[in-house]
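Please read the structure below before turning to the comments.
The values are calculated or read from the model by the stated rules, or taken from the named source; none is laboratory data. Not measured: the values here are computed from a predicted model. Note that we place each Cβ from the backbone using ideal geometry, even for glycine, and neighbour counts take in every protein chain shown. Ligands, DNA and RNA are stripped out before the accessible areas are found, and what is left, the full protein with its side chains, is counted by its heavy atoms. Shrake-Rupley method; radii C 1.70, N 1.55, O 1.52, S 1.80 Å.
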Amino acid sequence: MLQARPSTPAPRRLVSSLLVVLASALAAAQAVPDDADAILDAMVENLRGGGQTATLDMTVERDGTSTTYVLEMISDGTERSLTRVLAPPREAGQAFLVDGTDLFLYAPRLGRALRLPPSGRSDGFLGSDLSYDDLAGDEVRDDYVASVHERTDTQVVLSLVPREGAATPYGELRFTASVPDLAPLELTYFDQRDTPVKRLTLSDFDVLDDGRSVPTRFEVVDLTEGGGRTVATWRDATFGVTPPDACFTLQALERGCSW
Amino acid sequence: MPDDATRMNGAPAATPMHRGFGALVKLSWRSLFRQRRRTALLIAVVAYATLAILFFWGFMDGFLTSIFQGQARLVSAPVVITTSAHHQNPDPVHALPETAAFRQVALEHAAVRAVTPRLEMAGLLRSPYTSQGALLRGVDPEGERLLSDLPSVMGEGRYLEAPGEIVLGVDLAETLDVRVGERLAVDVSSLAGPTAVGLRVVGVIDSGIAIVDETTTLLHIDDARTLTGVTSATALSIDVAPGREAEVARALNERLPDEGRAYGILDQMGELATGLAAERITMIPIGLLFSLFAAIAVTSSLVVSVMERTREFGVMLSLGFDHRRLGLMVTLEAILGSLLGFAVGMILGYGLLVWMQQVNVLGPVFSTLYGDFLQGLALGTDIRATVRFEYTAYAAVTVALAALFAALTPARRVANLVPAEAMRASD
């Protein structure tokens with residue numbers, strides 16, 4: 001005959017629960033590195049999402065008008081990406097190739113590729129407020145010195161101050177991520193008078209097999225007077241792919257890439 | 001003491017009416033002062049025209065000189081040495097292969113006061129709020145002080161001193177909404193490929209000249225070299241005394257290595273200078289118009305005088321004065337009266353020009369009245385008159401025209417007088 005197993009007294013249950021919570025908190029705390037640079041690296045990796053192919057719906061709202069673009073994007077998750085405009089028809093066929101610091105534009109009307117200045121990476125493309133630097137995060141890692149501005153149980157906020165001679169006009173960036181997964185939540189750009197001028201908000205995370213939380217919705221708001229708003233949403237995204245090098249060439253820029 | 005009529009060997013001497021040209025001049029001179037009011041009017045008219053012509057040309061040349069000097073001191077340089085390719089297409093890829101040999105040649109010329117390298121490139125300036133394309137000029141701060149007026153027109157902050165700094169025109173800074181002490185991102189695409197750097201704004205230039213305040217962007221030449229990948233310079237800027245730019249450029253061109261050519265300020269300004277020179281030529285008819293009006297005024301005054309003196313001329317003709325000499329006398333009166341007016345006008349005109357060369361009277365007036373109209377020119381608030389001897393020749397046209405018109409109209413009228421009828425004319 002089975003005896004009833006004596007129930008655990010209430011005080012013991014409470015202690016056990018506390019231990020579980022404490023263990024979880026400790027685990028979370030251990031998952032988040034103390035070093036600001038390491039946190040930043042993790043945040044940027046989550047932002048990039050690794051190698052991927054995706055279709056993006058990008059809506060640009062400015063001066064009371066709204067335009068929606070459909071983009072096809074291939075990225076190797078590091079410093080290379082190929083983006084082609086599918087819609088609207090007036091813009092369709094344009095393509096952008098990012099290869100490190102180089103940025104090329106393919107203009108179908110001209111039938112040729114043009115090399116754009118380095119500022120093209122930080123300028124919004126297609127008249128939007130979203131830049132390649134917003135998508136890639138290279139700039140925040142290369143041009144800024146990171147320090148932990150604020151840290152709670154649920155969020156960590158990094159303060160990013162430009163390095164001497166860095167080619168950025170901003171005074172400071174505040175990069176917020178959730179804890180413990182360090183999924184990037186918000187990136188606010190401040191001018192040199194401590195006034196926020198641009199805010200990138202990230203949401204709708206996909207959790208990859210390796211545990212990374214990758215945002216699939218980017219919202220950029222230009223906080224200056226008369227500024228616009230851009231929302232980019234990933235659909236049909238495939239993460240964890242490794243596109244061939246041939247996808248990041250001028251030939252691929254002009255003719256497209258499929259594999 | 002014998003009078004003039006009985007002086008020569010007891011024979012009746014020739015009267016002034018019969019003597020030579022000198023006597024005729026004397027007679028004309030005396031006639032001028034017999035009719036003082038008329039002569040005073042004639043002198044005033046010619047003096048006014050002479051003064052107006054001197055002022056006109058002195059002001060016109062002073063105005064052009066101010067533009068050229070403003071261009072040379074604030075926008076470009078009195079003389080530059082660069083490659084022909086860069087002169088045609090100012091891209092850093094056409095930079096000088098090196099600077100030492102060119103600098104050596106320039107410094108050997110006695111009129112050259114300073115030589116400094118410049119490296120210019122197109123670039124993009126980015127602030128947190130906007131971006132703006134600009135022609136960036138990399139300079140050696142110390143060398144630049146020797147030939148540019150920009151260091152003396154700092155509105156806020158200080159002039160460039162070291163790498164990592166940038167100086168902007170006040171209007172450009174306003175467009176970018178960037179202040180002294182703030183950072184600006186600078187993008188350039190040149191020999192080094194696409195490059196970018198962050199520079200701190202250390203000063204703002206406020207010259208009051210739109211083209212300077214809207215476009216000036218100065219950075220250290222070391223930063224310019226890093227951004228472009230050019231190790232030399234796009235040009236050597238040379239300081240020479242005002243007015244000697246073309247002469248020095250010509251002299252340097254005879255000795256410079258083949259890769260480089262010297263260009264005076266007018267050559268650098270290209271079509272703008274050609275246009276201004278053409279403007280000066282188009283002003284010649286206006287100057288002539290002054291002379292024409294003055295000569296007509298002199299002629300009309302003489303015509304009235306001839307009409308008033310018809311009886312006097314009739315007497316002179318009846319005493320043996322021939323028509324030709326009488327006409328010549330009237331013409332001489334016109335010439336002498338015009339010369340007197342010319343002399344007065346020259347004294348007053350050159351006095352005025354010298355004063356306006358010493359004192360900046362025109363600058364404030366012009367910038368107030370025509371500031372907006374002249375925005376495209378490097379014309380400051382300092383506009384001085386120019387004083388040149390050649391203006392005497394321009395003004396002398398009045399005297400020449402007065403003499404011509406006098407010979408054509410009043411003198412011909414006198415030449416056609418019938419003595420008997422003339423003597424019956426009422427005063």
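Give me the inter-chain shielding for A:186-199: mean count of other chain Cβ atoms within 10 Å, whole number please.
2
For chain B, what are the DSSP H helices with axial Cα length of 27 Å or more and mean Kyte-Doolittle hydropathy of at least 1.0?
On the way: long enough: B:36-70 (49 Å, 1.11); B:284-308 (36 Å, 1.96); B:323-358 (52 Å, 1.09); B:390-408 (28 Å, 1.55).
TM-like helix candidates: B:36-70, B:284-308, B:323-358, B:390-408.
Assuming charge only on the beta carbon of Lys and Arg (+1) and of Asp and Glu (-1), the dipole of chain B about its Cα centre is about 2880 debye to the nearest 20.
Under 5 Å from the amide H of B:VAL79 lie the amide H atoms of B:ILE238, B:VAL240, each residue being 5 or more positions distant or on a separate chain, with H modelled from the backbone and absent for Pro and chain starts.
The B:GLU174 and A:ARG151 beta-carbon pair, evaluated with R₀ = 35 Å, returns a calculated FRET efficiency of approximately 0.30.
Simple spin-label estimate for B:ARG324 and A:ASP37 gives 10.9 nm between the two label positions (7 Å along the Cα-to-Cβ direction from each Cα). Taking label positions 7 Å along the Cα-Cβ direction at both B:GLU259 and B:SER84, the computed distance is 1.6 nm, reported to one decimal. Extension gain, B:ARG412-B:GLU161: 0.36 nm per intervening residue step, less the Cα-Cα distance, totals 82.7 nm.
Only the Cβ atoms of Lys and Arg (+1) and of Asp and Glu (-1) were treated as charged; on that basis the dipole of the protein assembly as shown about its Cα centre amounts to roughly 4460 debye.
A simple rule links phi to the HN-Hα coupling: the Karplus curve 6.51 cos²θ - 1.76 cosθ + 1.60 with θ = phi - 60°, which for region B:137-144 gives 10, x, 9, 8, x, 5, x, 5 Hz, with x for Gly and Pro.
Under the rule of -39500 (n - 2.57) per DSSP H run of 4 or more residues, summed and divided by the residues of chain B, what mean residue ellipticity at 222 nm is obtained, to the nearest 500 deg cm²/dmol?
Values: 18 runs with 225 residues, N = 427.
That calculation yields -16500 deg cm²/dmol at 222 nm.
Accessible surface of B:TRP29, taken over heavy atoms with a 1.4 Å probe and every protein chain present, rounds to 110 Å². For the protein assembly as shown, the per residue solvent-accessible surface stands at 47 Å², with DNA, RNA and ligands left out and a 1.4 Å probe. Against the main long axis of the alpha-carbon atoms of chain A, helix A:36-48 sits at an angle near 60°. The phi torsions of region A:217-231, fed into the Karplus equation with coefficients 6.51, -1.76 and 1.60 and a -60° offset, translate into couplings of 9, 10, 10, 10, 10, 7, 8, 7, 4, x, x, x, 9, 10, 10 Hz, rounded to whole numbers, with Gly and Pro shown as x. Which of B:ILE67, B:VAL330, B:THR381 sits closest to the plus end of the dipole of the protein assembly as shown, meaning its Cα is farthest towards the positive end, when Lys and Arg get +1 and Asp and Glu get -1 on the C-beta? Checked the options; the winner is B:VAL330.
Using 1/(1 + (r/R0)^6) with R0 = 45 angstrom and r between the beta carbons of B:LEU348 and B:LEU146, what's the FRET efficiency to the nearest 0.05?
Values: r = 40 Å, r/R0 = 0.89.
According to the calculation, E is roughly 0.65.
Within region B:208-240, what residues put their amide N at less than 17 Å from the label point 7 Å along the Cα-to-Cβ vector of B:GLU98? Within reach of a label on B:GLU98: B:230-236. With R₀ set to 35 Å, the beta-carbon distance separating B:GLU308 from B:THR392 gives a calculated FRET efficiency near 0.60.
Placing +1 on the Cβ of every Lys and Arg and -1 on the Cβ of every Asp and Glu, with nothing else charged, gives region A:36-255 a dipole about its Cα centre of roughly 700 debye.
Comparing B:THR331, B:THR282, B:THR215 in a Gaussian network model of chain B where C-alpha atoms under 10 Å apart are linked, the largest mean-square fluctuation is found at B:THR282.
Across the options A:THR188, A:THR154, A:GLY127, the greatest Cα extent toward the positive end of the charge dipole of region A:120-210 (unit charges at beta carbon of Lys, Arg, Asp, Glu) belongs to A:THR188.
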